[in-house]
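Written below as structure tokens is the structure these notes are about.
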Amino acid sequence: MISRRRFLKGVFASFGAVAAFGIGYGLGIEQFFAPKITRYRLRPARWPDGFDLKIAVLSDIHACRPWMSPERIRSIVDTANGLEADLIVLLGDYVFGHRLVTDYVDASEWSRELGQLRAPLGVHAILGNHDWWKDDEVQRRGEGTPFAKRALQQVGIPVYENEAVRLQKGKAVFWLAGLGDQLAFGPPFGADPGRRIGVDDLPGTLAKITDEAPIVLLAHEPDIFVDVPERVSLVLSGHTHGGQVRLFGWIPWVPSRYGTRFAYGHVRERTDLIVTCGLGCTIVPIRLGVPPEIALVMLSDVAKT
């Protein structure tokens, strides 16, 4: 007969083996998956009849070796181009987000790969918090243009900071607005979020809209959603990584003042929000239950799920 001590040792050993497998899987396998394509089809508020628009959403690349090499970014770019979206949007955090790397990827390398993105209505970008935090000179001065923004502009990708552009598909028009980052300056992870200073200006951004056409707003962090008026048809965000670890629906931690409220997916309150879990990793290079993704958002006057 097995003793109680041997039984408990066996149980704990089994739990340890499962935990080790899970960590190893998340560290070495899941995050290297080819991105899944997560499709959303919805009709937001104020969306015109007969207007179909397809948006490919890429976020949180966090370029570094071995986890997100230029070669892997090129593969992601090829996948995104194959989706035949009307436009492609980049939601920030192009630079590395943790120190467990074998080599850093220079901005000229990752931007060159992103410069191969193609869509009829163009490729449009905003910056994320890490794009600000990793620029030591900008952080020291408390102002300036992060190197990530310059790198994207050099390959022909416009980067919006509290700006809006009017786009047209056929006879239908809409506004694409890009919000400045909400956590641009101040202490990084582990510090009081209240001490962080953003460069976001939601009222100023919306003031640049000059007609009644629908608005799609790009905002790296989804927390701004609580302040977004009904005038905006859709908000697209990243930043949360979907928690980066999800176990049977449980998310240990989300970088948001609102917990899991805006952790991932489609949220409908006063208007619509879609949060993508993104592509890379931050804090630690592990994804578990949250594989990398490209979100493909299809806006139509006929909503289907």
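The values are calculated or read from the model by the stated rules, or taken from the named source; none is laboratory data. If you're wondering where the values come from, they're calculated on a predicted model, not measured in any experiment. Positions of Cβ are generated from backbone atoms using ideal geometry, with glycine treated the same way; all protein chains shown enter the neighbour counts.
Pairs please, first residue from segment 107-121 and free of Cβ contacts under 8 Å to residues at least 40 places away in the same chain, second anywhere and in a helix (DSSP H, G or I), Cβ atoms under 8 Å, 6+ apart in sequence or on different chains.
The qualifying pairs are R118/N81.
Within the set of pairs 6+ apart or on separate chains, which have a first residue in segment 68-86 that is surrounded by 15 or more Cβ atoms within 10 Å (Cβ to Cβ) and at pLDDT 95 or above, a second that is among the charged types (D, E, K, R) and part of a loop (DSSP other than H, G, I, E, B), and C-beta atoms under 8 Å apart?
Close Cβ pairs satisfying both conditions: N81/R118.
Please specify each residue of segment 54-67 satisfying the condition of being part of a strand (DSSP E or B) and either in contact with a Ser or Thr (Cβ under 8 Å, 6 or more places away or on another chain) or crowded, with 23+ Cβ neighbours inside 10 Å (or both).
Across segment 54-67, the qualifying residues are I55, A56, V57, L58, C64, R65.
Looking at V173, V165, which is the one that is closer than 18 Å to D200 by Cα and surrounded by fewer than 22 Cβ atoms within 10 Å (Cβ to Cβ)?
V165
List the number of the failed condition for G265; all other conditions in (1) in contact (Cβ under 8 Å) with a residue 24 or more places away in the chain; (2) in contact with a strand residue (DSSP E or B) (Cβ under 7 Å, 6 or more places away or on another chain); (3) over 22 Å from S75 (Cα atoms) hold.
(1) is the only condition that G265 fails.
Restricting to strands (runs of 3 or more DSSP E) lying wholly in segment 106-211: which have 3 or more residues that are over 26 Å from V226 (Cβ atoms)?
Answer list for segment 106-211: 163-169.
If you go through segment 202-225 one residue at a time, do you hit one that is in contact with a Cys (Cβ under 7 Å, 6 or more places away or on another chain) and either on the phi > 0 side of the Ramachandran plot or among the aliphatic types (A, V, I, L, M) (or both)?
No, segment 202-225 contains no residue that is in contact with a Cys (Cβ under 7 Å, 6 or more places away or on another chain) and either on the phi > 0 side of the Ramachandran plot or among the aliphatic types (A, V, I, L, M) (or both).
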